[in-house]
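Remarks on the structure that follows.
The values are calculated or read from the model by the stated rules, or taken from the named source; none is laboratory data. The structure displayed is predicted, hence computed values, not measured ones. Positions of Cβ are generated from backbone atoms using ideal geometry, with glycine treated the same way; all protein chains shown enter the neighbour counts. These area figures cover heavy atoms from the full protein model, side chains too; ligands, DNA and RNA do not enter into them. Shrake-Rupley method; radii C 1.70, N 1.55, O 1.52, S 1.80 Å.
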Amino acid sequence: MKTIQSDILIIGSGIAGLFMAVQSNENKRIHIITKAALDDGNTRLAQGGIACVTHSADEFESHIQDTLVAGAMHGNPEAIRLLVTQAPTLIQELIQLGVDFSMENQILNLGREGGHTHHRIIHAADITGSVIQAALVTKVKSQTNTKTFEYFLAIELVIENSKCCGVIALDLNTNEKVFFQSNNTIIATGGCGQVYQYTTNPSVATGDGYALAKNAGVKMKDMEFMQFHPTMLHHSLANGFLISEAVRGAGAELVLPNGDSFMQFYHPLKSLAPRDIVSRAMFEEMIKHQCSHLYLDATNISEETLETHFPNIRQTCYNIGIDIHTQPIPVSPAAHFMCGGIETNLKGESSLPGLYAIGEVACTGVHGANRLASNSLLEGLVFAKQAAMKINSEDEKLTAILNFQSQTELDYNINDATLSEIAYLKKSIQTIMWQHAGIVRSELGLLSGKIKLNIINDKIKLIETEFPNAYQLIELKCISATSECIIEAARVRQTSLGTHYLKIKSKYFKEEEKIHRFLINKNTNSKNKYPTIA
Ligand code: SIN
């Protein structure tokens, strides 16, 4: 197998991975591998912006408190203080890199989002993520010490003498395996929204980093805290498009199909309550009113504000026949952000020496049990810089080249029937996760989810014996491994907290469990090609 050596190996090319490359010393050889194009991840879809204290009426303590409260007081105060106090410097660094944030009267325009007690969201209209991504891609491409490898899928961490020394990746251009050897391996692969049936995340968000870590026995934390965003555009052509919380910050209100508001019955901040509370309230109302979605009414926002602050949202809705100036927007909650992940310290170091995690895939402790709006891009920046500073301060030289036996078995012959089986299993996991580990959970539901996942894993193992290197199968395995992490963590936490909300256990639980196990056994023993899993 070919070996490619570097001082810093970054897996993933969202805000965290690219900013890490930008912050690393010029004398380090940096390699970035990414399974799609450099700008194909979640970052480019981020709309709202970056939370940052800049206004004289605002203060760090307030941003810290809002972050703690949104996170159900489960966050790490030290990590949160670091996050909040680093924000102004990092915003300046982005501006120097050419990021053009929205200004008003020559000062940064500040939006407002759920859970924030002040206007403090710095943004570039409603395309903040893509503007930042573009600036970082340009910068990284200009760095002579940085080499990018697009369409390389990381499949396995390599550990020697209890230390991570790189990753084996599949070159999707040639289907060959390559060993990327490095003293410093950084997982920056983003999140896992694709684990769920409904998500605002793009198709690449399949939980690859969590699976890499889980398979290597790296410590994970808080995986039960999947955040559901209240306002995904609910339309068959919308493909999980997000209606930014900033629209509610500008005055839009969530309403029932008959136009009545309801959030006043759930929280004093109404439609701008923390996300977990809003999503749950919507879920309850959707059940009560037997409807698949509710509405976001933005018709009270001025035409000028909608045009200048939300041009992308306005146009996207318009393209599918919704004029947001005059019509309410159909919305429903969807999986959005994993608050937990690979456990790290404040320098981004994981439990495995030589391995770092930054961005959404990491659990730095800043989000607690529910992330505060617009703290995610900020987390990516802050901890990328922390990890870069740690590695910059070291002067470790690469040891000898490690060689692996070449194992370049190719899967050129994967057939359509197998591909549709993989697609079917992926859909099945997404449905199971939505039903059993979604916005409202129960002990029995989580147990059912676990048993159903086991059945699917048996099918996956069978396919693996024939097509171990099929890209689609590897992604499916990542989705499955991440789902297991979420369900396992959720089963351990037996009381509700933040995004992890448990229905009270029924007094009939034991009986229900017996019936359930009986059905599962029947299913597993059936001769059907596919077990009934949903
Ligand atoms: C949004 O614009 O609503 C999303 C921002 C975030 O996820 O924090």
Mind checking which residues of region 55-89 are open to solvent by 70 Å² or more (accessible area, probe 1.4 Å) and touching a helix residue (DSSP H, G or I) at 6+ places or on another chain (Cβ under 8 Å)?
-> PHE60, PRO77, ARG81
Would you check if GLN92 is without any contact (Cβ under 8 Å) to a residue 24 or more places away in the chain, over 19 Å from ALA21 (Cα atoms), open to solvent by 10 Å² or more (accessible area, probe 1.4 Å) and more than 15 Å from the ligand (Cβ to nearest atom)?
-> no
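So that you can scan it fast, the table gives a plain yes or no per residue for (1) open to solvent by 10 Å² or more (accessible area, probe 1.4 Å); (2) within 16 Å of the ligand (Cβ to nearest atom); (3) touching a residue at least 40 places away in the same chain (Cβ under 8 Å):
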position: ILE324; (1), (2), (3): no, yes, no
position: ALA334; (1), (2), (3): no, yes, yes
position: LEU346; (1), (2), (3): yes, no, yes
position: SER350; (1), (2), (3): yes, no, yes
position: GLY354; (1), (2), (3): yes, no, yes
position: ALA357; (1), (2), (3): no, no, yes
Given the conditions (1) free of Cβ contacts under 8 Å to residues at least 60 places away in the same chain; (2) of a type outside the set (D, E, K, R); (3) within 16 Å of the ligand (Cβ to nearest atom); (4) open to solvent by 50 Å² or more (accessible area, probe 1.4 Å), which single one is not true for LEU306?
-> (4)
Only residues that are among the hydrophobic types (A, V, I, L, M, F, W, C) and open to solvent by less than 20 Å² (accessible area, probe 1.4 Å): list them for region 105-128, please.
-> ILE121, ILE122, ALA124
If ASP171 satisfies every condition in (1) charged (D, E, K, R); (2) in contact with a helix residue (DSSP H, G or I) (Cβ under 7 Å, 6 or more places away or on another chain); (3) free of Cβ contacts under 8 Å to residues at least 40 places away in the same chain but one, which is the exception?
-> (2)
Regarding GLN86, is this residue without any contact (Cβ under 8 Å) to a residue 24 or more places away in the chain and either away from the ligand (no atom under 16 Å from the Cβ) or in a helix (DSSP H, G or I) (or both)?
-> no
Check region 257-267 and report whether any residue there is surrounded by 16 or more Cβ atoms within 10 Å (Cβ to Cβ), within 13 Å of the ligand (Cβ to nearest atom) and outside any loop (DSSP other than H, G, I, E, B).
-> no
Looking only at region 307-343, which residues are touching a Lys or Arg at 6+ places or on another chain (Cβ under 9 Å) and of a type outside the set (A, V, I, L, M)?
-> GLU307, ASP323, HIS325, PRO333, HIS336, PHE337, CYS339, GLY340, GLY341, GLU343
Taking the condition away from the ligand (no atom under 16 Å from the Cβ), modelled with pLDDT of 95 or more and either more than 23 Å from ASP276 (Cβ to Cβ) or surrounded by fewer than 17 Cβ atoms within 10 Å (Cβ to Cβ) (or both), does LEU97 pass?
-> yes
Would you tally the residues in region 223-241 being open to solvent by 20 Å² or more (accessible area, probe 1.4 Å) and in contact (Cβ under 8 Å) with a residue 24 or more places away in the chain?
-> 4
Just for region 309-322: of the residues that are within 16 Å of the ligand (Cβ to nearest atom) and among the β-branched types (Val, Ile, Thr), which one is surrounded by the fewest Cβ atoms within 10 Å (Cβ to Cβ)?
-> THR316
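Yes/no matrix, rows are residues, columns are (1) at positive phi; (2) open to solvent by 30 Å² or more (accessible area, probe 1.4 Å); (3) not in a strand (DSSP E or B):
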residue	(1), (2), (3)
GLN5	no, yes, no
SER13	no, no, yes
LEU18	no, no, yes
ASN27	no, yes, yes
ILE33	no, no, no
LEU38	no, no, yes
Just wondering, is there one or more residues in region 175-186 that are small (Gly, Ala, Ser) and assigned to a loop (DSSP other than H, G, I, E, B)?
-> no
Please work out if ASN375 is closer than 22 Å to ILE186 by Cα, within 14 Å of the ligand (Cβ to nearest atom) and at pLDDT 95 or above.
-> yes
State which residue is farthest from the ligand (Cβ to nearest atom) when the search covers only region 211-239 and only residues that are of a type outside the set (A, V, I, L, M, F, W, C) and not in a loop (DSSP other than H, G, I, E, B).
-> ASN215
Region 97-114 residues that are β-branched (Val, Ile, Thr), paired with ones that are within 14 Å of the ligand (Cβ to nearest atom) and not in a loop (DSSP other than H, G, I, E, B) (beta carbon under 8 Å, 6 or more apart) | VAL99/VAL131; VAL99/ILE132
Considering only region 240-256, how many residues are within 13 Å of the ligand (Cβ to nearest atom), more than 25 Å from the chain's Cα centre (by Cα) and either part of a strand (DSSP E or B) or charged (D, E, K, R) (or both)?
-> 0
Being within 13 Å of the ligand (Cβ to nearest atom) and either modelled with pLDDT under 95 or touching a Leu at 6+ places or on another chain (Cβ under 9 Å) (or both), is that true of even one residue in region 20-40?
-> no
Boolean, SER162 is open to solvent by 20 Å² or more (accessible area, probe 1.4 Å), among the small types (Gly, Ala, Ser), away from the ligand (no atom under 16 Å from the Cβ) and modelled with pLDDT under 95 | no
